[in-house]
Every structure is written in structure tokens, then in C-alpha cells.
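Beneath this line is the structure, given in C-alpha cells, with notes to follow.
The values are calculated or read from the model by the stated rules, or taken from the named source; none is laboratory data. Predicted model, so just to flag it, every value in this text is computed and none were measured. Positions of Cβ are backbone-derived with ideal geometry, glycine not excepted, and every protein chain shown enters the neighbour counts. Surface accessibility is based on the protein's heavy atoms, side chains included, excluding ligands, DNA and RNA. Shrake-Rupley method; radii C 1.70, N 1.55, O 1.52, S 1.80 Å.
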Amino acid sequence: MTRVFLIPLALLSACRESETGCGAEDYADLVGRPVAAITLPADLPHRVVGPDDMVTMDHRPDRMNIRTDADGTIVALDCG
């Protein structure tokens, strides 16, 4: 039964992300690649966050968070 609620929740979060304007959806093809092998524009606000990294809780809608696993492979992109 909980699966029924996950689909609308995922759709809502996707809408929220696209409204923020960080452009994470434009870089979706980076998921699965090593973070050390990518090049991003110098003017793109971003931060790389590993699985055990501490991060500030300030919300910056224009900043892209590049989330990696322990091996440095990009597993997700989101705004904030």
C-alpha cells in the first residue's frame, strides 16, 4: 500500500526541483560516472557530497548537489 503513495511523492519532488532552477536535470547523464572524470562550468554553483560528508543546512536553490557513493561514483543530483 505504501508504494501507491511513493509515485505522487516522486512526481512532486521532481516538480519542486525543476522550479528551483539549479539545472540538475540537465546533468542527469552524469549519474553513474566517477566524479573525478567530469568537468563542470566554472560558474555553476555546486558541491560534491559523499556518503559520510557533513554539509551545511543552508538552502540555496541555485546550487546543485552532486551526491557520490564511497567510490566517488555519482549516484544522484539534486538542488539545494
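Counting only residues that are more than 13 Å from residue 31 (Cβ to Cβ) and not acidic (Asp, Glu), which one in the stretch 62-71 is least open to solvent (accessible area, probe 1.4 Å)? Of everything passing the filter in the stretch 62-71, 63 is least open to solvent (accessible area, probe 1.4 Å). Name the single residue that is nearest to residue 78 (Cα to Cα) among those in the stretch 48-61 being acidic (Asp, Glu) and surrounded by fewer than 10 Cβ atoms within 10 Å (Cβ to Cβ). Top of the filtered list is 58. Looking across the stretch 55-80, the residues that are among the aliphatic types (A, V, I, L, M), farther than 19 Å from residue 21 by Cβ and at pLDDT 95 or above come down to 70, 74, 75. Counting just the residues of the stretch 18-47 that are aliphatic (A, V, I, L, M) and touching a strand residue (DSSP E or B) at 6+ places or on another chain (Cβ under 9 Å), which one comes out nearest to residue 78 (Cα to Cα)? Selected residue: 24.
Please work out which residue is nearest to the chain's Cα centre (by Cα), limiting yourself to the stretch 24-47 and to residues that are farther than 20 Å from residue 58 by Cβ and of a type in the set (Gly, Ala, Ser). Applying the filter and picking the extreme gives 28. The number of residues in the stretch 28-47 being under 21 Å from residue 70 (Cβ atoms) and either surrounded by 12 or more Cβ atoms within 10 Å (Cβ to Cβ) or among the aromatic types (Phe, Trp, Tyr) (or both) comes to 8.
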